[in-house]
Amino acid sequence: MPKFLHTADWQMGRAFSRFETEDGAALVEARFEAIEKLARLANEHQCDAVLVAGDVFDAQTVSDRTIRRVFNATREFTGPWVMLPGNHDAALVESVWTRAERLGAVPGNVQLALEPGVITLEAEGLAILCAPLTQRNTYSDLTETFSNTETPESLCRVGLAHGSVQGLLPEEIDSTNPILPNRAETARLDYLALGDWHGTKQIDERTWYSGTPEPERFRNNGAGYALIVNLPEPGAVPEVTAVETARYQWHQWRETLTVESDLDQLLDRLRALPEPSVVDLRLEGSVTLAGEEKLVNALSVAEARFRSIQCDRSELQLAPTDDDIAALKADGYVGEVIEQLRTRQQDDNAEAARDALAILAGLLKDRKQEASE
Amino acid sequence: MKLRRLQVEQLRQFRQPFVLDDLQPGLNLIHGPNESGKSTLVRAIRAAFFERYRTSSVDDLRPWGDSAAAPTITLDFDARHKSWHLVKSFLQRKRCDLKIDSDSYSEDEAEEKLAELLGFQFSAKGVSKPEHWGVPGLLWVEQGTGQNIEQAVAHAGDHLKSALNALVGEVASTGGDELIEQVRARWSELFTPTGKPRGDYQKLEKEREEHQQDIDELQGRVQKYQEQVDRLGKLAQDFERTEKERPWEDAERQLEQAKERYRQVEKLEQEQARERESLAHLQRNQQLLRQNRAQLESLNRKLEARRTELDKAQRELDQAEARSPSITGTVKEAKAAYDAAVKQLDQARLQETRARLEQEIRRLEQQNQALTDNLKKARRYQQDLEQAREQARQNQIDADAVKTLKNTERQLNDEAIRSQTIATRLTWQLEPGASLALNDENLQGQGEKQLLEESSLAIPGVGTLGIAPGGEDLASTRRRLSTLEQGLAGQMKSLGVTSTQQAEQRLTACEAAERTLQHTRELLKSVAAGGIDQLLADQKEIDGQLQTAKTELQNSPQPGQQPRVTDVASAEAERTKAETRLAEAEAEERRHQTDLLTRRQTRDNARAEWQQLQDEVHNPKHQEQLQKLSTELADIEQKQGRLEAALQARDQEIREAHPAILRQDIERYQRSISNLRQAQEERQRELRDIQVRLEAWGAEGLEEQLNEKIAELEQCNRRYQELHRRAQALDLLLTLLTEKRQALTRRLQAPLQKHLDHYLSLLFPQATLEVDEHLRPGTFTRGTELGQIAELSFGAREQMGLISRLAYADLLQEAGRPTLVILDDTLVHSDTDRLEDMKRILFDAANRHQILLFTCHPEKWSDLGVVPRDIQAMKKQG
């Protein structure tokens, strides 16, 4: 009755350039915490082993500190870990793995599958057929050898590979590191643990992508999970359970504001998000001066609440109402300028016109306030 | 606005009420001397409007020394189609009452009405200052400030603009200019005045580049790292494969085989060399033998040749000997001919000598005869010479003395003649026979005598008559005569003559003798240049020569009997010819002898050689040798044939083995082995190097660094984009605002410009004065002149100021604002012509505005078409 935790695509050493330094650092930190969480979950679910299906590291040349921290984070689970090199951390003749070994950073219970072959975990009842990437990209199916690889009858045959299952995954532009869709069947595998696709995804009853344990981009829905795989006996259908591991939720919203209630609705949704969120907003349509003010205020609140919120308003036109303009007391040629900026938002240089209008409105508002004081 | 009446009271010098009424709607000329109160009236009008009634800062209004005074101004005017009555008191009684038609206002309310009507502000505290005056500040010109238009326009600015707004229906935007300034300030935070990025905006741009550079560098290094990893992988694979395959061992085996094959070939080659040497030895031997045989065989041929040579020599000798007698004969003949020629020559020479001597004797004899003749002649000439010399010596006389003598004689004659003229002439004619004795001289017959001295004439018989010649110089004459006579006698004596004639004769004779002497001497010289003695000597010598020649002739042998046949020269030539022929014959003979000797020698040599060879050839040993040689040669030829066959066969064998190719094979295999081993070692070394390098680079965490750098760049980019967007926005905003503002200004300027142009055309035709964006008169052009008003002369500036103010007044009026123009002693700096123009302008303006013109020079304004009003007079009336 072997039971193991299937994870992949940790991408350690990745930096988050689109965020502010502080937020980026927090997101990096979250990935280390995710490993710790995986170790904890393995303990909690009494797993016999942890299988990592590639891309533990985001690059070959990460810092020594990152390497050490990754292995340190596994400490809590003292059972065997099997780590497979993926396309980001391929087992080249000199690789992040050889460095880790040189550094003496790899604990005894972590086995590195640097060469194709079988890692036998006799005690745990598992024979792990490993198909590590020894080049950055291959165009042949590395799991093909699984079919011809014999393992002891008593052990469950578990494949560990990193690549794209042919013909099933969307958005597969390049077909590097291909994997036969029915590899589990052809190779008589009890389970095929895959990495490379960052969302959790089932291919067939024995074949799964675990996805990355901590999301690191806005697309790939279904990231942030690990799989607990229970193999009742060799040949039996595995029981696969997805457990949540993510700390941060990543949200990317594309909204078009047309009427005033659109904005209110958006802000309500924003308020409903949990605090550990990473939000990316892109707004289109138009907003009144009052709406703009409301939006700015809401964003200011959100910035304090969320890990990160970014809002692209370059496509959002400012449409001051007559009341707005009247309220600004913009008469004479200033009024003409406002009118011109308003129409110019339809032109090529809409962004500048929009910003200019916002600045002008701001100045006029300040003046109004000063006057009223 | 029309001011109808002005009353002041308790105000400066107007302690009593003073009224200025009946003011006309147009021009009003109010004059009075200095201190008459003109300026006070102007001040009163200003105070009535500008000063707050409750202010205490208007002490200047108080009459001097009157602390209890309450300066009061009462004004009546029409404005906005209503009648206004204003009473304002200051200091002791602070009040302000305003009545507009039937509506009454007082205090502050009244003052607000005034300010609103005319467009000015009140001072918050203290006396009213220019910045409060607004429109009246522009239209009410104080003494000496007419030219300062800019400040006044600035203070009236808002009122002017609002008037303009009303006029052109534009809204100038409340605080629009301030807004522009704010936008500009924000714009300036991002841009330099020339529109280049500054501050953070500029810094970020640079930082971006720096980050990009860092990234490029890191990317380069990462790529290099990856390349090195790939290289390492390939190398490791190659190394292991090579280590397993050991390709050099194969090569080593092949090398051994090649070496073995080459060794065999080498052995063959050595054998070949040895046999080739034997063959060469044989060939050399054969050659020697052949040479020997040939030499022996050649002796017979030589013997024959020598026989032939001997025969030939003998033949030649015989021929030569046969020629000997004829040559000897020729020599003999030549010798005989030569002797004959010599004899002939001697004979010819003898004949010639004798002929020469005979000729010489003849010549000498002739010469001797000539000398004898000359001698004879010479002796005769010598005699003549002696005679002539004697003649000359006898008649020797001094030619000069003769001349002196002749002179003396002539003087004496002259003197005698004179004495006769003065002498007493005594004539007489005596009877025949009768005589008289004069001074003991007997006179007879007739005659005459001059008497120079006392004479006595003794007449016989009669006695003696004493005659004393008269005349005073008779005595001196007589004395001179006597002196001359004495001189003459003396000279003659010294010359040794008795008379002058004699002296002359002698002189002539002497000269003739001299000439003869000269002539004879010449003759003598011609015959005997060296003198007679020389002639004698010559003769003697010739004589001697003659004798010698004769003796010689006698001694010379008589020529032979044979006739003279030839001359010496021909004989000489004959002899020379004979000599030559003889010499030739003798040379021929000598040659012949030599030839003979040579031929004989040649014959002897040939005979000896022939003999020697004859002996040798006929020796038996010689024949034996020849036989032996032939045998040996045959033997050698046989051996040579065998050797050559063997060599050829082996050569074939060697060629087929290709020794050069074998050598190349060996080299090739050796090199291959070395290369293969080296390549492997090189791989090992590179493996180590790359390993070390990668370890070092890997420790740097390049890609992580790169990721971080990219993050930094993106942050930088974001910040830059923010600023850039803001910059773009501000730029757009500022541009739009400025454009709109300028467009507005241009629209506002138009009406003012119209009025300004109207007045300017009257003052300076063809000139332009542009209104700037602040509605101030700006650039002035006149012909080629271009400049600001401030650059003009004071007078021109004042005129410009005034027409500008009138233009503003027109503008205000057009906008429905009240206008009142007050001019206090203005245009004092204008010349007559300009003043004339200004009067036209003022008169024109007065059609539209009420103008109060205060002056202390009424005469200047007499042609203004209005009645001047005299303050002094009015005071008196008052």
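Just a few scattered comments:
- For the protein assembly as shown, the spread of Cα coordinates along the three principal axes comes to 217, 180, 44 Å, biggest extent given first.
- FRET E, pair B:L633, B:Q612, Förster distance 30 Å, beta-carbon r, rounded to 0.05: 0.55
- Taking label points 7 Å from Cα along the Cα-to-Cβ direction, B:A294 and B:Q593 give a separation of 4.9 nm.
- Computed from Cα atoms, the angle from the helix B:500-527 axis to the main principal axis of chain B rounds to 80 degrees.
- Calculated FRET value between B:S482 and B:R379, using beta carbons and R₀ = 41 Å, to 0.05: 0.10
- All lysines inside 22 Å of B:K312 as judged from Cα atoms, apart from same-chain residues fewer than 8 positions distant: B:K302
- Solvent exposure, largest accessible area first (probe 1.4 Å, DNA, RNA and ligands not counted), of B:I661, B:I803: B:I661, B:I803
- Whole-Hz couplings from phi, Karplus 6.51/-1.76/1.60, listed for the stretch A:112-120; x for Gly and Pro: 9, 8, 7, 10, x, x, 10, 9, 9
- Listed pairs B:K754/B:K839; A:K294/B:K709; B:K38/B:K839; B:K82/B:K875 exceeding 24 Å between Cα atoms: A:K294/B:K709; B:K82/B:K875
- Inter-part distance where the stretch A:239-258 and the stretch B:87-103 are each reduced to a Cα centre, Å: 82
- In chain B, Cα pairs under 8 Å separated by at least six residues give a relative contact order of 25 percent.
- Solvent-accessible area buried by A and B, counting both chains, probe 1.4 angstrom, square angstrom: 4000
- Shielding by partners, peptide A:92-102 (average Cβ within 10 angstrom, other chains): 5
- For residues of A:16-26, the mean tally of beta carbons on other chains within 10 Å: 3
- Label-point separation, A:N148 to B:S556 (7 Å along Cα→Cβ), nm: 16.1
- Mean sequence separation of contacting Cα pairs (under 8 Å, at least six apart), scaled by the length of the stretch A:285-363, corresponds to a relative contact order of 33 percent.
- Order by protection proxy (mean Cβ within 10 Å, highest first), peptides B:211-217, A:316-322: A:316-322, B:211-217
- Within the stretch B:712-755, backbone nitrogen closer than 17 Å to the virtual label 7 Å beyond the Cα of B:K206 toward Cβ: B:716-717, B:720
- For chain B, the longest principal axis of the alpha carbon atoms and the long axis of helix B:620-657 meet at an angle near 10°.
- For B:I30, nonlocal amide neighbours, meaning residues 5 or more places apart or on other chains whose placed amide H falls under 5 Å from its own, are B:L853, B:F854, B:T855, B:R869.
- Top of A:I67, A:I325, A:I119 by mean-square fluctuation, Gaussian network on chain A, Cα under 10 Å: A:I325
- Taking each residue as 0.36 nm, the span from B:R746 to B:A68 lengthens on full extension beyond its C-alpha to C-alpha distance by 238.6 nm.
- For the Cα trace of chain A, dividing Rg by the Kirkwood Rh returns an Rg/Rh value of 1.14.
- Theoretical FRET efficiency, 1/(1+(r/R0)^6), r = Cβ-Cβ of B:Q502 and B:Q545, R0 60 Å, to 0.05: 0.55
- In the stretch A:297-325, comparing the full protein assembly with the chain on its own, no residue loses 20 Å² or more of accessible surface at a 1.4 Å probe.
- The alpha carbon gyration tensor of the stretch B:758-802 gives principal lengths a ≥ b ≥ c with a/c below 1.5, which makes the shape rounded.
- Expressed in units of 2.2 N^0.38 Å, where N is the residue count, the Cα radius of gyration of the stretch A:1-136 is 1.03.
- Scattering from the stretch B:593-726 was approximated by placing one identical point on each alpha carbon and applying the Debye formula without solvent; log10 I(q)/I(0) at 0.10, 0.14, 0.15, 0.21 1/Å stands at -0.84, -1.00, -1.02, -1.19.
- Simple Cβ-charge dipole of the stretch A:3-244, Lys/Arg +1 and Asp/Glu -1, about Cα centre, in debye nearest 20: 380
- The C-alpha atoms of chain B define a longest principal axis, and helix B:794-814 lies at about 40 degrees to it.
- A Cβ-based charge dipole, computed about the Cα centre of chain B with Lys and Arg at +1 and Asp and Glu at -1, lands at about 520 debye.
- The stretch B:761-849: relative contact order as a whole-number percent, Cα under 8 Å and 6+ apart: 25
- Order by protection proxy (mean Cβ within 10 Å, highest first), peptides A:105-115, A:296-306: A:105-115, A:296-306
- Peptide-level mean, for B:721-728, of C-beta atoms on other protein chains within 10 Å: 3
- Accessible area per residue, Å², the protein assembly as shown with all protein chains present, probe 1.4 Å: 53
- Assigned charges on the beta-carbon of Lys, Arg, Asp, Glu; the protein assembly as shown dipole about Cα centre (debye): 5400
- Three-way shape label, chain B, alpha-carbon gyration tensor, a/c 1.5: oblate
- Spacing of the two label points (7 Å from each Cα toward its C-beta) at A:N297 and A:R217, in nm: 3.8
- The overall shape of the stretch B:399-527 is prolate: from the C-alpha gyration tensor, with semi-axes ordered a ≥ b ≥ c, the ratio a/c is 1.5 or greater and a/b exceeds b/c.
- Square roots of 5 times each gyration tensor eigenvalue, C-alpha, the stretch A:224-373, largest first, Å: 47, 16, 11
- Where a label projected 7 Å from the Cα of B:E579 along Cα→Cβ would reach, residues of the stretch B:340-360 with amide N under 15 Å: B:340-346
The values are calculated or read from the model by the stated rules, or taken from the named source; none is laboratory data. Quick caveat: nothing in here was measured; it's all calculated off a predicted structure. All Cβ positions, glycine included, derive from the backbone under ideal geometry; neighbour counts span all protein chains shown. Note: areas computed on protein heavy atoms with side chains; ligands, DNA, RNA excluded. Shrake-Rupley method; radii C 1.70, N 1.55, O 1.52, S 1.80 Å.
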